[in-house]
Amino acid sequence: MSVVAPGARPKSRAGVGARIRGTVPVSVLGVPIVVAAIVIVGAVLNGSFLTGANLRAILLSASITGIVAVSMTAITMSGNFVSLASSQSIMLAAILFAAAIGAGWNVALAILAVVAALVLTGLAQGLIIAAGLNPVITTLAAGAIMFGGVSAITGTNSVVFGSHQISWSDSQPLGLPLPIYVFVAVTAIVSFLIHRTVIGRQVLLTGANRDAARVSGIPVRTVTTIAFVIFSVGTAIAGILAVSLVGSADPSFMGSLTVDAIAAVLIGGTSVAGGQGSPLRSAMGALILALIDNIMVLNSVSIGGRQTIKGAVVVAVVIAITLLGRKEAR
């Protein structure tokens, strides 16, 4: 016997029927279909697209944005919109890690310190939002505080590793850069947390109907805070990996990441209203963005043209996936 929380929306007959028949809902297949279509277009437009070196470059490009997008999915699914402090969070993590390594810290200790610092920022934001403040205003303010604080300390100068080296920064097990493996691991872990644990089910229920979740005994404030902590761990990991690839960071580091990460989450079909989504599909959303960018670079599209085309494709993909979901729910 199944129990529906008071006020919660019942599952659509189409979705239930699909599960009974053992088929996959069209909205779930939408993102992989888009990925396949873009790969075909890329292969047709440029013969270098499907080379091993280019595919590695695409996966590497998707990995940093993907880690942040996958981690942000928990926030969006919990009904707290998105984090507008993604770029500033990854910048803070990158500069802290570069500063620690430059000062001669042990790598493991530096990683733990960065993760702890970012968790504190996420915990603070989560607690404030859980207390009732608007997530847009809160994360926007948090980003401004982080950017302003770092800029005041560094004077907008780059923080570098100096003579210290990170042994694993150039590691390529089986020919693939390490960030790709971390991207896959983070996606698997967050997917497990969301779809296979109690806290994941609480995230879904909180996003679907906050009042019903509260009446059902779900600790909504705790769930909100945990979602932001998950996001903060993801940005810490992404920042560490990103700065390890280049060896330095400044306050403008990864400045466009917020927009790309949000776009990846939306392309993946996660509902901005909460209660629906998938970390795996957010990861594929990041892959879609990387594929589009790569195709345009290979075909010598200007920077302005790339931004315009990418924006148009993102809007088209989001609309298509949304319409498929609505059609399926009827």
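Here, each number is a calculation from the coordinates, and none is a lab measurement. All values derive from a computational prediction rather than experimental measurement. Here the Cβ positions follow ideal geometry from the backbone for every residue, glycine too, while neighbour counts run over all protein chains shown.
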Item to check | Amide H contacts of Gly268 (H built 1.01 Å from N, under 5 Å, at least 5 apart or other chain) | outcome: Gly285
Next on the checklist: Using the Karplus curve 6.51 cos²θ - 1.76 cosθ + 1.60 with θ = phi - 60°, what ³J(HN,Hα) values do you get for each residue of segment 125-139, in whole Hz, with x for Gly and Pro?
Outcome noted: 5, x, 5, 5, 5, 5, 6, x, 6, 5, x, 5, 5, 5, 6
Checklist entry - Between Val159 and residues 5 or more places away or on another chain, which pairs have amide H atoms under 5 Å apart, with H built 1.01 Å from N, and which residues are they? => result Ala249, Asp250
Checklist entry - By average Cβ neighbour count within 10 Å, what is the ranking of 34-42, 274-282 from highest down? => result 274-282, 34-42
Checklist entry - Where does each of 69-78, 286-295 land if you order them by average Cβ count within 10 Å, highest first? => result 69-78, 286-295
Next on the checklist: Helix-only estimate, please: 222 nm mean residue ellipticity of the chain, summing -39500 (n - 2.57) across DSSP H runs of length 4 or more and dividing by its residues, to the nearest 500.
Outcome noted: -24500 deg cm²/dmol
Checklist entry - Roughly speaking, what is the centre-to-centre gap between segment 63-141 and segment 297-317 when only Cα atoms are used, to the nearest Å? => result 28
